[in-house]
1. Could you check the range 60-81 and list, in sequence order, the residues that are under 17 Å from GLU6 (Cβ atoms) and surrounded by 14 or more Cβ atoms within 10 Å (Cβ to Cβ)?
2. Run down SER105, SER25, SER52 and say which single residue is of a type in the set (Gly, Ala, Ser) and either open to solvent by 40 Å² or more (accessible area, probe 1.4 Å) or within 11 Å of the chain's Cα centre (by Cα) (or both).
3. When you scan the range 6-21, do you find a residue that is out of contact with any Gly (no Cβ under 6 Å at 6 or more places or on another chain), of a type in the set (Lys, Arg) and open to solvent by 30 Å² or more (accessible area, probe 1.4 Å), even just one?
4. Looking for something in contact with a helix residue (DSSP H, G or I) (Cβ under 8 Å, 6 or more places away or on another chain), among the polar types (S, T, N, Q) and at positive phi - is there at least one such residue anywhere in the range 68-75?
5. Restricting the range 96-111 to residues that are touching a Lys or Arg at 6+ places or on another chain (Cβ under 7 Å) and modelled with pLDDT of 95 or more, which is nearest to ALA14 (Cα to Cα)?
6. In the range 82-102, what residues are at negative phi and either open to solvent by 40 Å² or more (accessible area, probe 1.4 Å) or in a loop (DSSP other than H, G, I, E, B) (or both)?
Amino acid sequence: QVQLVESGGGLVQAGGSLRLSCAASGRTFSDYVVAWFRQAPGKERDFVACISRGGSYTYYADSVKGRFTISRDNAKNTLYVQMSSLKPEDTAVYYCAAKDGEYLSKLVGAYNYWGQGTQVTVSS
């Protein structure tokens with residue numbers, strides 16, 4: 001199995017940028033499709049973006065398309081998301097997740113492994 005640890009969260013003003021990282025350990029990182037999800041207080045956990053095992057394919061939620069960029073470095077066992085033009089509605093705890101198999105998915109239930117989350121707060 002794989003262990004995931006997020007970092008890089010914080011407080012940023014609207015319009016600003018932030019990059020989150022997710023360090024993986026355990027089984028071979030490139031064996032997994034990985035993704036970012038987020039959860040605002042009182043709301044369900046929502047899909048943000050995912051990336052294929054080799055990094056060639058990505059898929060984004062409409063709400064972040066054009067503003068967020070997901071990437072991975074398999075040599076460093078690390079997943080990233082570069083977030084730009086941040087809005088107050090992007091405020092949430094951000095989680096990285098990993099799934100077995102080769103298919104991309106936006107479904108929470110498809111992912112087997114989760115990090116503990118990192119808080120992102122966007123002030124207006």
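1. Step one: filter the range 60-81 for residues under 17 Å from GLU6 (Cβ atoms), giving 64, 68-73, 76-81.
Residues satisfying the conditions are VAL64, PHE68, THR69, ILE70, SER71, ARG72, ASN77, THR78, LEU79, TYR80, VAL81.
2. Working: SER105 fails: either open to solvent by 40 Å² or more (accessible area, probe 1.4 Å) or within 11 Å of the chain's Cα centre (by Cα) (or both); SER52 fails: either open to solvent by 40 Å² or more (accessible area, probe 1.4 Å) or within 11 Å of the chain's Cα centre (by Cα) (or both).
Residue meeting the stated conditions: SER25.
3. Filtering the range 6-21 down to residues out of contact with any Gly (no Cβ under 6 Å at 6 or more places or on another chain) leaves 7-18.
Narrowing the set further to residues that are of a type in the set (Lys, Arg) leaves none.
Checking the range 6-21: not a single residue is out of contact with any Gly (no Cβ under 6 Å at 6 or more places or on another chain), of a type in the set (Lys, Arg) and open to solvent by 30 Å² or more (accessible area, probe 1.4 Å).
4. No: zero hits.
5. Applying the first criterion (touching a Lys or Arg at 6+ places or on another chain (Cβ under 7 Å)) to the range 96-111 yields 102, 105, 108, 110-111.
Now restrict to residues that are modelled with pLDDT of 95 or more: 105, 108, 110-111.
Details: SER105: 29, VAL108: 27, ALA110: 32, TYR111: 30 Å.
The extreme case among them is VAL108.
6. GLN82, SER84, LEU86, LYS87, PRO88, GLU89, THR91, ASP100, GLU102
The values are calculated or read from the model by the stated rules, or taken from the named source; none is laboratory data. This structure is a prediction, so every number in the text was calculated from the model and none was measured. Positions of Cβ are generated from backbone atoms using ideal geometry, with glycine treated the same way; all protein chains shown enter the neighbour counts. Areas reflect the complete protein model, heavy atoms only, side chains present, ligands, DNA and RNA absent. Shrake-Rupley method; radii C 1.70, N 1.55, O 1.52, S 1.80 Å.
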